[in-house]
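Structure, as structure tokens:
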Amino acid sequence: DLFLPLAFLLSTLKTLYDFSTHLELVALQAAGLSKKRLLLPLFAFAALLSLLGYANHEWVAPRAGLAADQFYTSYSTKSRKRQIVRLIALQDGSHLVYQQYTPQTREFFDVFWLRSATDIWTMKTLTLTTPFPLGRFADHLIRDAEGLLIKADSFAERAFEDLLFQDPTTLHQTIPCEHRPISTLLRDARLPTPEQCCAKTHLHHKLSLPLLPLIALYALAPFSMTFSRQRRGFLLAALSLFAFIAVMTLYESLMILGENQVLSPELAMWSPLVLLLLVFLRKFWSL
């Protein structure tokens, strides 16, 4: 998201600026070629970079993010490990609370199965690779007449036949939205779950951000293909870098607003691109 648009911005700026200052642009225009036609190869390359961005969000970045999180969790010291508690609402009305989930082994760690306020199971691990979920070091807690939780049973291993993950999308809730591929976010954004707004925000973020190379070329072309006796390449490069940093910072801020339902995800993620298109529309049209 950062390297490809920035590299394309700088290389395009250098190419178009040299193209203009060396009078090659004047010669080609004298031969009957318009500026917009000369930009077609660059737009094709920008489109290719956008497709690479979508492929990255679908196949590469989600796996890399999960691997990085698991590496951090496995090898960080106990004092630095992140203590995050997550919750899954099951279809039977019960809830599964856990601290960590490993997608490769499909195993939960430090699990509480809250069947009701008076019926609770605690487990060290819960594995989903067996025909029925298998809990290890499981304790059954019930609430007595005085309202206190007491241990009714204890098992080294126990198969939970009534603990079923009937909805295949339920397990996707164990993965943070920023590490989910676009195809998964498309499905999660349509489900009426508590994290629907978060899924929508990250979906539109991953759909809009790969378009930055196209927007960068659209905004840069009118300024870098203008013939002038005064060379302003350094000023143009400095303003382009400043604008790129500002847009990326704005995206991060708008993503927070979208996740917390301050703005709609569609408005938050697409408004910067639409605003840039409107600002530079007249300038680009006059090429």
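Selection of first residues in segment 219-235 that are at positive phi and at pLDDT below 90 and of second residues that are open to solvent by 20 Å² or more (accessible area, probe 1.4 Å) and in a loop (DSSP other than H, G, I, E, B), restricted to Cβ pairs under 7 Å at least 6 apart or on distinct chains, gives an empty result. Scanning segment 14-30 for residues that are within 10 Å of residue 227 (Cβ to Cβ), in a helix (DSSP H, G or I) and not polar (S, T, N, Q) turns up 25, 26. Would you confirm whether any residue within segment 174-184 is open to solvent by less than 50 Å² (accessible area, probe 1.4 Å), of a type in the set (A, V, I, L, M) and modelled with pLDDT of 95 or more? Within segment 174-184 (the criterion being open to solvent by less than 50 Å² (accessible area, probe 1.4 Å), of a type in the set (A, V, I, L, M) and modelled with pLDDT of 95 or more), the answer is yes, since at least one residue qualifies. The set of residues from segment 201-234 being open to solvent by 20 Å² or more (accessible area, probe 1.4 Å) and not in a helix (DSSP H, G or I) comprises 226, 227, 228, 229, 230, 231, 232.
State whether one or more residues within segment 36-55 are outside any strand (DSSP E or B), at pLDDT 90 or above and closer than 23 Å to residue 191 by Cβ. Yes - at least one qualifying residue is present in segment 36-55.
May I ask you to verify whether residue 5 is open to solvent by 80 Å² or more (accessible area, probe 1.4 Å) and in a helix (DSSP H, G or I)? Considered against the rule, which asks whether it is open to solvent by 80 Å² or more (accessible area, probe 1.4 Å) and in a helix (DSSP H, G or I), residue 5 comes out as no. Right, residue 78: open to solvent by 60 Å² or more (accessible area, probe 1.4 Å), modelled with pLDDT of 90 or more and of a type outside the set (Asp, Glu) or not? No.
Condition check ((1) open to solvent by 40 Å² or more (accessible area, probe 1.4 Å); (2) at pLDDT below 95; (3) among the aromatic types (Phe, Trp, Tyr); (4) farther than 15 Å from residue 217 by Cβ) across all residues:
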residue: 246; (1), (2), (3), (4): yes, no, no, yes
residue: 258; (1), (2), (3), (4): no, yes, no, yes
residue: 263; (1), (2), (3), (4): yes, yes, no, yes
residue: 269; (1), (2), (3), (4): no, no, no, yes
residue: 281; (1), (2), (3), (4): yes, yes, no, no
residue: 284; (1), (2), (3), (4): no, yes, yes, no
residue: 287; (1), (2), (3), (4): yes, yes, no, no
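Can we say residue 93 is closer than 22 Å to residue 221 by Cα and part of a loop (DSSP other than H, G, I, E, B)? No: the conditions fail for residue 93.
Let's see how each residue does on (1) among the hydroxyl-bearing types (Ser, Thr, Tyr); (2) free of Cβ contacts under 8 Å to residues at least 40 places away in the same chain; (3) not in a loop (DSSP other than H, G, I, E, B):
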| residue | (1), (2), (3) |
| --- | --- |
| 101 | yes, no, yes |
| 111 | no, yes, yes |
| 135 | no, yes, yes |
| 140 | no, yes, yes |
| 146 | no, yes, no |
| 197 | no, no, yes |
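Identify the residue in segment 86-110 that is at pLDDT below 85, under 23 Å from the mean Cα position of the chain (by Cα) and polar (S, T, N, Q) and, among all such residues, is least open to solvent (accessible area, probe 1.4 Å). Filtering segment 86-110 for residues that are at pLDDT below 85, under 23 Å from the mean Cα position of the chain (by Cα) and polar (S, T, N, Q), the one least open to solvent (accessible area, probe 1.4 Å) comes out as 102.
The residue pairs whose first member lies in segment 264-287 and is within 26 Å of residue 195 (Cα to Cα) and in a helix (DSSP H, G or I), whose second member is open to solvent by 70 Å² or more (accessible area, probe 1.4 Å) and hydroxyl-bearing (Ser, Thr, Tyr), and whose beta carbons are closer than 6 Å, counting only pairs six or more residues apart or on different chains, do not exist in this structure. Looking only at segment 59-68, decide whether some residue is part of a helix (DSSP H, G or I), without any contact (Cβ under 8 Å) to a residue 60 or more places away in the chain and over 14 Å from the mean Cα position of the chain (by Cα). Yes, there is a match, as at least one residue in segment 59-68 is part of a helix (DSSP H, G or I), without any contact (Cβ under 8 Å) to a residue 60 or more places away in the chain and over 14 Å from the mean Cα position of the chain (by Cα).
The values are calculated or read from the model by the stated rules, or taken from the named source; none is laboratory data. Computed from a predicted model, the values in this text were never measured in an experiment. Neighbour counts run over all protein chains shown; Cβ positions are idealised from the backbone, glycine included. When the accessible area is computed, the model is the full protein with side chains, heavy atoms only, and any ligands, DNA or RNA have been set aside. Shrake-Rupley method; radii C 1.70, N 1.55, O 1.52, S 1.80 Å.
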